[in-house]
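This report concerns only the one structure given below.
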Amino acid sequence: MTPRARSKTRAAKAWAGRIGAPTAPVVEAFTSSLAVDRRLYPHDVAGSVAHVHALVRARLVTRAEGARLERGLVAVKRELDAGRFRFLRSDEDIHMAIERRLTEMLGPLGGKLHTGRSRNDQVALDLRLWLRAECDGVDGALRRLQQALGRLARRHADVIMPGYTHLQRAQPILLAHHLLAHREMLARDRARFRGCRTRADELPLGAGALAGAGFPLDRRRVARELGFTRIAANSIDAVADRDVVAEFLAAAAITAVHLSRLAEEIVLWASDEFGFIELPDAFATGSSMMPQKKNPDVAELVRGKTGRVVGALVAVLTTLKGLPLAYDRDLQEDKPPLFDAADTLRQCLDVLAVMVPALRFRTDRMAAAADGLLLATDLADRLVERGVPFRRAHEIVGALVRHCLASGTALRDVDAAVLSAHSPVLTPALLRDLTPGGSVARRRVFGGTAPSEVRRQLARARREDGP
Ligand code: ARG
């Protein structure tokens, strides 16, 4: 989305008084951030309108002038909304483009807009307005994915599957319990974005270039008008700091890592080796060469895009590291990674929220994979109930498992003589009612995989996410 550049049309630079020669075209192209920051325009206009009101209250412009400036800003916004706005190659960023157009419309009055303001506090303001809205947007997208996971879990409340540690079959669990584990991660992600929003909710405008505006602008009124809870307490910090950007990206990176773990399980489970899910056709792609293939590209891309989001965090932290106070042009480099990471994260959340409900589980295969040696812990627990110390029980069952593997016998089919040779308390009766269902049912501790506990989790999910 490159701005419609008019190579022949140029406007004088805002600093043309001090810098005599026109900017070299290569410098203009190199320093421009318009292609990236033009999306800030609604926030830029909102901030400027609030600033006009402050100028009127401080009697720096008359009421009539204020009204004309405001109408002009609204007209510029209308052009931008409609895609009619003509950018010039000399427009360095969205802030300058809007002011340049306003001045074309209003004449010299347009030049009063920037009174008591610098692009340094202006861009800090736009960023915070954008971040506030984006945190809300991400929160909604996270909630939708949580809902999808919660609903899917509810539809599969009784399905048993193997739980894994080290990607080795460990113990039987409920599929719903597993899905709700992913939902929990997203709950923490939402809390992180809420925290970020709280930090973003602070007005930088009035900081000027760094020392504070040179006019008595009522920052409290401006904050109220723009819906900010707090006002940046230090004008230098207000223009120099970008930790709210880093914080957003940290929350985004953690979320992306969570999504990549979910995506990885979809990839694994869709493989023939696992065979736990059937990918919905609408979310799979074929191979251009191998006719039998059905590939989980969507999940793979979600997993892969995590690299971009994590990279964005590293890019911003690296840009900030060692920057002297206050504003440095380096800070302009915050926006490409910020916007790219936010867009990428939203795409991933949105595609998963529609793909997750379409997953088809092969519950027979999952249940079959949850039987057998996964019940070894349960057998050891039975021995403990009969007075055997757990360490000893672990040893006995371990030896029995070795016997099963060497002789190709299922745990439930080991004969009485072999059992009693391993331990006097081991009987066929003890083994017979060892089942995956019995195993999950025992795990009634708070947060465990027992159906009663998982139902409680499901009820909480429903309360929190809605139906
Ligand atoms: N476009 C710039 C940015 O994104 C704001 C311009 C401030 N420029 C300056 N030389 N003070 O940070």
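The values are calculated or read from the model by the stated rules, or taken from the named source; none is laboratory data. Bear in mind the structure is a predicted one, so any value in this text is a computation, not a measurement. Here the Cβ positions follow ideal geometry from the backbone for every residue, glycine too, while neighbour counts run over all protein chains shown. The accessibility values were calculated without ligands, DNA or RNA, using every heavy atom of the protein model including side chains. Shrake-Rupley method; radii C 1.70, N 1.55, O 1.52, S 1.80 Å.
Scan segment 87-102 and give yes if some residue there is more than 16 Å from the ligand (Cβ to nearest atom) and touching a residue at least 40 places away in the same chain (Cβ under 8 Å), otherwise no. Checked against the condition, which is being more than 16 Å from the ligand (Cβ to nearest atom) and touching a residue at least 40 places away in the same chain (Cβ under 8 Å), segment 87-102 yields no hits at all.
For segment 241-273, the candidate set comprises residues that are of a type in the set (D, E, K, R) and open to solvent by 30 Å² or more (accessible area, probe 1.4 Å); within that set, the residue that is nearest to Gly286 (Cα to Cα) is Asp272. Scanning segment 351-361 for residues that are in a helix (DSSP H, G or I) and either of a type in the set (Phe, Trp, Tyr) or within 18 Å of Arg261 (Cβ to Cβ) (or both) yields Val351, Leu352, Ala353, Met355, Val356. Gly107 passes every criterion in (1) open to solvent by 30 Å² or more (accessible area, probe 1.4 Å); (2) free of Cβ contacts under 8 Å to residues at least 12 places away in the same chain apart from (1). Just so you know, in segment 38-91 the residues that are within 17 Å of Glu225 (Cα to Cα) and in contact with a Phe, Trp or Tyr (Cβ under 7 Å, 6 or more places away or on another chain) include one that is surrounded by the most Cβ atoms within 10 Å (Cβ to Cβ), and it is His43.
One residue stands out in segment 322-340 among those that are without any contact (Cβ under 8 Å) to a residue 40 or more places away in the chain and open to solvent by 60 Å² or more (accessible area, probe 1.4 Å): the one that is farthest from His258 (Cα to Cα), namely Pro324.
Within the option set Thr319, Thr285, being within 27 Å of Arg119 (Cα to Cα), open to solvent by 30 Å² or more (accessible area, probe 1.4 Å) and either touching a strand residue (DSSP E or B) at 6+ places or on another chain (Cβ under 7 Å) or in contact (Cβ under 8 Å) with a residue 12 or more places away in the chain (or both) holds for one residue only, Thr319.
For Arg100, the conditions (1) surrounded by 18 or more Cβ atoms within 10 Å (Cβ to Cβ); (2) assigned to a helix (DSSP H, G or I); (3) under 35 Å from the mean Cα position of the chain (by Cα); (4) of a type in the set (Lys, Arg) are fulfilled apart from (3). With respect to the numbered conditions (1) touching a residue at least 24 places away in the same chain (Cβ under 8 Å); (2) more than 16 Å from the ligand (Cβ to nearest atom); (3) open to solvent by less than 60 Å² (accessible area, probe 1.4 Å), which one is the sole condition not fulfilled by Gly307? Of (1) touching a residue at least 24 places away in the same chain (Cβ under 8 Å); (2) more than 16 Å from the ligand (Cβ to nearest atom); (3) open to solvent by less than 60 Å² (accessible area, probe 1.4 Å), only one is false for Gly307: (1). Scanning segment 341-368 for residues that are under 19 Å from Val316 (Cα atoms) and surrounded by 18 or more Cβ atoms within 10 Å (Cβ to Cβ) yields Ala341, Ala342, Thr344, Leu345. Identify, from the list Gly20, Gly66, Gly72, the residue that is free of Cβ contacts under 8 Å to residues at least 24 places away in the same chain and either closer than 22 Å to Asp121 by Cβ or among the acidic types (Asp, Glu) (or both). The unique qualifying residue is Gly66. The residues of segment 113-166 that are more than 16 Å from the ligand (Cβ to nearest atom) and within 30 Å of Ser235 (Cβ to Cβ), listed by number, are Thr115, Arg132, Ala133, Glu134, Cys135, Asp136, Gly137, Val138.
Please verify whether Asp371 is at negative phi and not in a helix (DSSP H, G or I), treating the condition exactly as stated. Here the answer is yes, as Asp371 does meet what is asked.
Within segment 313-338, the set of residues being within 14 Å of the ligand (Cβ to nearest atom), of a type in the set (A, V, I, L, M) and not in a loop (DSSP other than H, G, I, E, B) comprises Val316, Leu320, Leu331, Leu338.
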